[in-house]
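Chemist: First, the structure itself, so that you have it in front of you.
Every read-out reported here was derived from the displayed coordinates using simple, explicitly stated rules and does not represent laboratory data. The model shown is predicted, which means the values in this text are computed figures rather than measured ones. Neighbour counts are summed over all protein chains in view; Cβ atoms, including those assigned to glycine, are modelled from backbone coordinates with ideal geometry.
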Amino acid sequence: MKARKAKEFVFNDLLSMESYCKNHYTDYYSKSNFSCNVTQLSKGELVTSSICAPINDAHLEIFKSSQTILYEEEANHNSVAFCWINSNGEQTQTNTIISGHRMVDLSIAGFNRLNKTGGNIWDIVGANTQLCCMSLKWEKMKKKIDQMNAYNAFAKLEECIGIDSNSSASIQLKSLFERHFTKGLSESDAFYDLAIATLEEPCDQEILTERSDKTELIEDLVKLLYEDREGMPPLTISEITKYLNTGKESLSIACRENFNMPILDLIKSIRLEQVKKSYLNPHVPKGLKNFTKKQNALYYGFKNWTTFQKFYYQTFQESPDETINKSTKASVLVTDLFMRRSQ
Amino acid sequence: MKLELAYSDHIQLSESLNELGQTTRITQLEKGEGKYMMSFKQSAGIALAEIQSTQPLLYEGWGTSWSVDFNWITPKCKLNDPFGYCEGYEMKEDSLGGFNTINTSPGNSWGKYSNSCSSTACMLDKRILMKILKECNATQAIDNLSKARGLDINNESLHQLKKLTRKDLARGIINPTKYYDLIVACLESGEKRDYKKGLTKNYRLLGEIVQLSHDSSRMSSPMTLSDVCQYLDTGQASLYRVCQDYFGMGIIEMMTQIRLEEARRSLLMLKQNEKNHALTVRDIAISYGFKHQGRFSRRYFTSFGELPSQSLDKSKGL
């Protein structure tokens, strides 16, 4: 049984997911433009779903994907994110990492979405992992923090990325979230109070990831790769190290630690996804996309069409032609879970 | 000497203050452009300076070897919150602050003032002041000056001092002795505030925070919150509370803002022949702890409304 307001969105491609995110988070980015980038990192067919049940001042969402994906967005001044994984009691291995905080059952992370000095956030969501995401409004949260005198919570939100905590407040927060998705709650205050208590409550063996040079390096790397100059050959490793002011070896270690692949493979994944998104562009006629498919690949740095086709098929389990043919069909399946229940 | 200087850049304020022997680093705590005005006058044994700004400013490095730098504010509007903090002392309409400059070594003092007031500094010669205080046997005043950070003056003396300063800033200082007399009267008759628990500890902590944030040797590799807590031997909650209360932002945000401000000062101070755009901006960014130039430029633009390269272009014009 699902909550009254819950809706499930199912995507077969990440372009639709990006536009879904844009529509859903605008409210939390009132003073800045929201944009995000999503890339499939593992190989295989993709099905992604998001069950979304927003209430006043809180955006609540459960996200799941059949493939490992990399999500990136700009940090902002207006909202705070709390994300955790729900393994439903099973001890499964997940390679989910939120901006450098490696997620285990006790983890709550994503605080760096609030960043007053610039920056961006990146998440790797492991295949078949259920990721619970809660976005709260910073202004409301700050008022409550001031009232409660919860400066520990304040400090953690501004200076940390995530924590591992077994505090009773964090357990209550997670179960309240679950209750919302089964029964449907209408008030967001309890989410705010429990989120603050989770951060404020001391915990015996709290593990936390602080924002530091090390975490900023990966943030900057992800941003750089997404901003990489379209139409130009991909950045070389020495260009990247120069730009990020780091050594080749430490960059390579950091990349393997976080993305479990060499940096060149990460660049390739991001660029492949960019080509796929251009094939899916709903504003370009199918005929034109067919006519320019090779130029499109070349534009993102793939010089050899045959090799590109091989990579493309290995990653997405479909050929560029199949993607172009699919692009005219509606790719988001929306189900109103309440409607389905009442039928 | 010019009567009043209007600036479009707060860095020019510190340049003018430098002429008065105050090597002050000024950080603008809120984003965006501002307008700044400063008037100052000097005479034997005294210097006066009044600063108005449309942005809240943090001054660090205040204090000379020869003077006690008394401070007061003149409100532009009504405000429930304090108009500023002179070394942590809450500055209200009738407050006189800056006493600690008699104890500290030069350049060790700090202040933060809001945009809802102008702040005035009256620098008097330490030795002359102490001599006068002793001569007229003003024991209360000596006690206040050496032990308090500031006083609330609920009588005519401060009012007269403000009036005289306003007049003299326009026409020039005619009789320095008057200032000494009025300050002695203020020190003798002012009221100490009631004892508040933890205030002395806050004063100490605030001074250390300001000092650490301006420590040039630490700017190239920025500290994390736990580094700062460890260094200042304090908990993160109390550190955060103090920073929020006094500076309106978290400690790391403040330290970042100060580093940005210092990077900007470096860019603006470069001589024409030292400029090599791409290299200079990158090197300066790195030396102030901003490793990724793209991120540095974005932050810089958000704070100052111009790109680092534009500041570099301006540097000759300052």
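Chemist: Report the Cα centroid-to-centroid distance between the stretch B:22-79 and the stretch A:160-233 in angstrom, as an integer.
Modeler: 42
Chemist: Another question about this same structure. Assuming R0 = 41 Å, what is the FRET efficiency of residue B:194 and residue B:215, from their Cβ-Cβ distance, to the nearest 0.05? Show your work: numbers first, answer last.
Modeler: Details: r = 34 Å, r/R0 = 0.83.
Taking R0 as 41 Å, the efficiency between residue B:194 and residue B:215 is 0.75.
Chemist: Also: For q = 0.11, 0.20 Å⁻¹, what log10 I(q)/I(0) does the stretch B:1-146 give under the Debye formula with an equal point scatterer on each alpha carbon and no solvent?
Modeler: For the requested q values the scattering log ratios are -0.40, -1.27.
Chemist: Give the Rg (one decimal place) followed by the Dmax (whole number) of chain A, computed from C-alpha coordinates and expressed in Å.
Modeler: When restricted to the Cα atoms of chain A, Rg and Dmax are 20.5, 63 Å.
Chemist: If packing is taken as the average count of other Cβ atoms within 10 Å, what order do B:114-120, B:10-16 fall into, highest mean first? Walk me through the intermediate numbers first.
Modeler: On the way: B:114-120: 20.4, B:10-16: 18.9.
In decreasing order of mean packing, B:114-120, B:10-16 become B:114-120, B:10-16.
Chemist: Here is a follow-up. Just to verify a number: FRET efficiency for residue A:295 and residue A:178, C-beta to C-beta distance, R0 = 60 Å, to 0.05? Please report the intermediate quantities before stating the final value.
Modeler: Working: r = 49 Å, r/R0 = 0.82.
Efficiency at R0 = 60 Å is approximately 0.75.
Chemist: Considering amide H positions built from the backbone, and no H for Pro or chain starts, which residues 5 or more places from residue A:47, or on another chain, come under 5 Å of its amide H?
Modeler: Sorted by chain and number, the residues that satisfy this are A:66, A:67.
Chemist: In addition: Please list, in order along the stretch A:149-166, the HN-Hα scalar couplings obtained from phi with the Karplus expression 6.51 cos²θ - 1.76 cosθ + 1.60 (θ = phi - 60°), rounded to whole Hz, x for Gly and Pro.
Modeler: 6, 9, 6, 5, 5, 4, 4, 5, 4, 7, 10, 10, 10, x, 9, 10, 9, 10
Chemist: Same structure again: Put a dot 7 Å past each Cα toward the Cβ at residue A:207 and residue A:284; how far apart are the dots in nm?
Modeler: Between residue A:284 and residue A:207, the simple spin-label model gives 4.4 nm.
Chemist: A follow-up question, please. Tell me the angle of helix B:176-189 to the major Cα principal axis of chain B, expressed in degrees between 0 and 90 and rounded to the nearest ten.
Modeler: Long axis of B:176-189 versus the principal axis of chain B: about 80 degrees.
Chemist: Moving to a separate point now. Quickly rank A:7-15, A:286-294 as a protection proxy: mean count of other C-beta atoms within 10 Å, highest first.
Modeler: Numbers: A:7-15: 19.4, A:286-294: 14.1.
The densest-packed peptide leads the list: A:7-15, A:286-294.
Chemist: Report the net charge of residues surrounding residue B:212, where surrounding means a beta-carbon distance below 14 angstrom and charges are Lys +1, Arg +1, Asp -1, Glu -1.
Modeler: Details: positive: B:25, B:204, B:218, B:259; negative: B:60, B:208, B:215, B:227, B:233, B:262.
With Lys, Arg at +1 and Asp, Glu at -1, the net is -2.
Chemist: Mind listing the long-range amide H neighbours of residue B:220? Cut-off is under 5 Å, sequence gap 5 or more, other chains count too, H placed in the peptide plane at 1.01 Å from N.
Modeler: none
Chemist: Another question, then. Could you go through the stretch B:115-124 in sequence order and give the Karplus-derived ³J(HN,Hα) for each residue, using 6.51 cos²θ - 1.76 cosθ + 1.60 with θ = phi - 60°, rounded to whole Hz, and x for Gly and Pro?
Modeler: 7, 8, 8, 9, 10, 10, 10, 10, 9, 10
Chemist: As I understand it, the value is the acute angle between the Cα axis of helix B:126-135 and the longest principal axis of the Cα atoms of chain B; what does it come to in degrees, rounded to 10?
Modeler: In chain B, helix B:126-135 runs at an angle near 20 degrees to the longest axis.
Chemist: May I pose another question? Taking every Cα atom in the stretch B:147-245, find the radius of gyration and the maximum pairwise distance Dmax, and write them in Å.
Modeler: In Å, with Rg to one decimal and Dmax whole: 19.9, 53.
Chemist: Moving to a separate point now. Please list, in chain and number order, the residues 5+ apart from residue A:211 or on another chain whose amide H is under 5 Å from its amide H, with Hs placed from the backbone.
Modeler: Hits under the 5 Å cutoff: A:160, A:161.
Chemist: Is the C-alpha gyration tensor of the protein assembly as shown telling us rounded, prolate or oblate? Criteria: a/c under 1.5 is rounded; beyond that, a/b larger than b/c is prolate, otherwise oblate.
Modeler: prolate
Chemist: Where the only charges are on Cβ atoms (+1 Lys, Arg; -1 Asp, Glu), what is the dipole of the stretch B:218-266 about its Cα centre, to the nearest 20 debye? Kindly include the intermediate steps, with their values, before the conclusion.
Modeler: Details: 5 positive and 6 negative charges, 33 e Å.
The dipole of the stretch B:218-266 has a size of about 160 debye.
Chemist: A further question follows. Counting Lys and Arg as +1 and Asp and Glu as -1, each charge on the Cβ, what is the dipole of chain B about the Cα centre in debye, to the nearest 20?
Modeler: Values: 41 positive and 36 negative charges, 79 e Å.
Result for chain B is approximately 380 debye, rounded to the nearest 20.
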